[in-house]
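For reference, the structure is listed below as structure tokens.
A short reminder: the numbers here are calculations on the coordinates, not readings from a lab. What you see is a predicted model, and the numbers here were worked out from it, not measured in a lab. Because the Cβ atoms are built from the backbone with ideal geometry, glycine has one as well, and the counts that use them run over all protein chains shown.
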Amino acid sequence: MSAALWIQNSTRAEVERVLDARLAEAATMVSSLISDHRIEVARAGGAPVPVPMPAPSGYSRQLSCQIWSLDGTMVGRSGGAPEAELTGSGQEGYSVSIVDGEPWRVYTVVNPELGVRVMVGDSLAVRDRLVRDVLEGLLLPAAVILPILAALIWISVARGLAPLDRLAEALRARAPADLSPLPAGPAPREIRPVRRALDTLFARVAAARDVERDFTTYAAHELKTPLAGLRTQAQVLRMAEDPATRDGALRAIEISVDRTDRMVRQLLELAAVERTEDAIEPTDTAELVAGTLDDLDMLARGRDVTLALTRKDIGHPFETNPFLLRAALRNVVENAILASPPGGRVTVSPLCDDRLLTIVVRDEGQGIPPELRDRVTERFARGRTSGPQGSGLGLSIVASAMERLGGTVVFDASSGQSQVVRLVLPARPPAA
């Protein structure tokens, strides 16, 4: 509808512009012919002289011409022109008038040398019919072609979307647990990126599901071991009459409870690290390091291990996630404490420059065995020298937290007498 109205208005404007130009040309031409005496006008009191005006077929009374003397006498007119004056306007140029109850568009030229006014006009009803004929010539073919064009577009779009429909149907028919790649086969070029993206998504979800399944299995297994030990020691405690045996059973129960408590805490911490948001904020890393060591001081004292902070003034705060950084540092230091012998020393050395923040943790334990170095950050990975409280989760928490921070965890080669772990992350000064 809007297109039809636009076509009608633009066509009318163009037709009227052309017809107005023809009115002006015809009136100017007649005035010139009169000046050249190629058209004679009537003498005073005589009958009006016929003025030749072309009238093409199909456009009857296309132009009507009248010649009036300046004193108000008609001295000439074309065939078919009305006898009434075309316009009462005494000015040159365009005007609209009503002649015999019909609206006319008129152009007037005044020839002062001969004392006449030349009026050339055409009926607006004829103009309307001409515009209507033009619109019919445009819209009728369009009315026939547009449905055909719409049908062709509908068929083309339907054929283009058919591969997507088949893909959607294949996805709906898949079992929820089916994460295998989509069946191979020919596919339009436009669909191939979607298929590749879906296959990649399936692979990632399958990998995540396998990790979670292994995590659940390993966690259940690792929790089962200390719980079984608790049950056994409880039975020993109930049946033992020797005080030494009873004390040994109580110590074993205490160790199992501590191990279970640490494992549960680390499982919760690992889940928190993996789901926490990556929001960063200005963090006083010196205070964070000191606070973490304070939290672990009781554990260190209980194992007769000394905690030492070699540098307390790190410099200006850095933009980081304090929860993730604290989780990584806590687990590194806790592992160092558990790995150190009684009377040992764990040294924490924060270092920074314009590019990096590095926290170096050194213990006096036996270090990470070479055969375990490549998979030390895997969940539940433990070496032969791991203590009874080791869960195999601490360093996986460290690796996950540092990855979320955009940093790395580096394990220096061990000489068998100590182990050095470096937490390295980009130093980002807070925004001004």
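Here are a few things to note about the model shown:
- Packing-based order for 234-243, 342-351, using average beta carbon neighbours within 10 Å, highest first: 342-351, 234-243
- Residue-count net charge about E364 - beta-carbon cut-off 13 Å; Lys, Arg +1, Asp, Glu -1: +1
- Förster radius 45 Å - calculated FRET efficiency between W6 and L182 (Cβ-Cβ, nearest 0.05): 0.40
- Working note: Karplus 6.51/-1.76/1.60 with θ = phi - 60° gives the range 294-304 the couplings 4, 5, 9, 4, 5, 4, 5, 4, x, 9, 6 Hz, where Gly and Pro are set to x.
- Per-peptide average of other Cβ atoms within 10 Å, ordering 355-365, 301-311 highest first: 355-365, 301-311
- Two-site FRET efficiency, D20 against V157, from Cβ-Cβ distance with R₀ of 41 Å, rounded to 0.05: 0.35
- In Hz, Karplus ³J(HN,Hα) per residue of the range 167-172 (6.51, -1.76, 1.60; θ = phi - 60°; x = Gly, Pro): 5, 4, 5, 5, 5, 5
- Orientation-averaged projection of the range 282-345 equals 4.1 nm² [convex hull of Cα atoms, one quarter of hull surface area].
- For the range 117-215, convex hull volume per residue from C-alpha positions, Å³: 208 Å³
- Peptides 394-407, 75-88, 92-105 ranked from most to least packed by the mean count of surrounding Cβ atoms within 10 Å: 394-407, 75-88, 92-105.
- Close amide H partners of T306, meaning residues 5 or more places away or on another chain with modelled amide H under 5 Å apart, are G344, R345, V346.
- Given R0 = 22 Å, the distance between the Cβ atoms of A228 and R265 translates into a calculated FRET efficiency of 0.65.
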